[in-house]
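Q: Okay, here's the structure, questions in a sec.
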Amino acid sequence: MELTIDHNELDAALRRCGSTWNAGQTHGLLCSCLALAGAEGASRWLAQVLADTDPENTLCTECQAMLEALCTSTWQQLSERQSDFMLLLPDDDDSAQVRTEAMGQWCEGFLHGLVSETHCDELRERLASDPLSDIIKDLLEITRATVGEEADEQAADNAFAELVEYLRVAAQLTYEELAEFREPSSVQPQFNSPTLH
């Protein structure tokens, strides 16, 4: 049975174990690490998110289990081109402002993953050309998104939903565009980072 990861629960778990990453950034980073490096990127992602935390801390162990479950389900959704791929964001019970901030943080994480990997010339050229260059520009804009105090709630919800759908498609498109630069998608992520054991 697949474990469903809740944004706010993961966010709290990351804080409890001392990670400097929040849930939105963590999932955005994961999506771009998987797109660039496949299963190999998953192990580096986990080590990066849990860097500076105490691996002996039981809270860290609990958080790591949540992160591994998130990685496995995200990898399956992207590699199998599942239509149910979703960004890890707060649910509708949270305010439009909270959800918009988390969406911007997701974009920050995604962009960080794209720029922090070592790039060969071919990869740099691919990122600098369409459609990826446009996606990167759009994500930079979305990191600055806010909800005005006077904003109509329904209009804010509609705008948020449109942006989330765009990002969902953009993440899937990025994964497909970078297929030649990573391991075959049949290789499942393995978690054996020396940081965590």
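Read-outs throughout are calculated quantities, based only on the coordinates presented, and are distinct from any laboratory measurement. Because the structure is predicted, anything quoted here is derived from the model rather than measured. Cβ: placed from backbone, ideal geometry, glycine included. Neighbour counts: every protein chain shown.
Q: Among THR118, GLN154, LEU140, which residue has its Cα furthest toward the positive end of the charge dipole of the range 108-176, with +1 on Lys/Arg Cβ and -1 on Asp/Glu Cβ?
A: After comparing all options, I get THR118.
Q: For the chain, modelled as a Gaussian network with Cα springs under 10 Å, which listed residue fluctuates most, LEU70, LEU36, LEU123?
A: Comparing LEU70, LEU36, LEU123 in the GNM, the peak value goes to LEU123.
Q: Relative contact order for the range 7-181 using alpha-carbon pairs under 8 Å, separation at least 6, rounded to a whole percent?
A: 32 percent
Q: Only four residue types carry charge here, +1 at the Cβ of Lys and Arg and -1 at the Cβ of Asp and Glu. Report the dipole size of the chain about the Cα centre in Debye, rounded to the nearest 20.
A: My answer is approximately 680 debye.
Q: Please give, to one decimal in nm, the separation of the simple spin-label points placed at ARG126 and GLU9, each 7 Å out from Cα toward the Cβ.
A: Roughly 3.5 nm, to one decimal.
Q: According to the square roots a ≥ b ≥ c of the eigenvalues of the Cα gyration tensor, what is the shape class of the chain, taking rounded for a/c under 1.5, prolate for a/b larger than b/c otherwise, and oblate for the remainder?
A: Oblate.
Q: If a/c stays under 1.5 just call it rounded; otherwise compare a/b with b/c (prolate if a/b is bigger, oblate if not). Do that for the range 54-148, with a ≥ b ≥ c from the square roots of the Cα gyration tensor eigenvalues.
A: Judged from the Cα gyration tensor, the range 54-148 comes out oblate (a/c at least 1.5, b/c at or above a/b).
Q: If you don't mind, another one. Expressed in nm to one decimal, what extension gain is obtained for the pair GLU117 and GLN97 from 0.36 nm per residue of sequence separation less their Cα-Cα distance?
A: Roughly 4.1 nm would be gained on extension.
Q: Using a Förster radius of 45 Å, what is the FRET efficiency between ALA161 and ASP52 based on their Cβ-Cβ separation? Nearest 0.05, please.
A: 0.80
Q: Here is a follow-up. What is the fewest-to-most order of SER116, SER83 by other Cβ atoms lying within 10 Å of their Cβ?
A: With the sparsest Cβ surroundings first, the list reads SER83, SER116.
Q: Gain in length, GLN154 to GLU180, computed as 0.36 nm per residue apart minus the alpha-carbon separation, to one decimal in nm?
A: Here the segment from GLN154 to GLU180 would lengthen by 5.2 nm.
Q: Going highest first, how would you order 100-109, 171-180 by mean Cβ packing within 10 Å?
A: Peptide ranking by packing, descending: 100-109, 171-180.
Q: A further question on this structure: Mind sorting GLU117, GLU80 by how few other Cβ atoms lie within 10 Å of their own Cβ, fewest first?
A: In order of increasing Cβ crowding within 10 Å: GLU80, GLU117.
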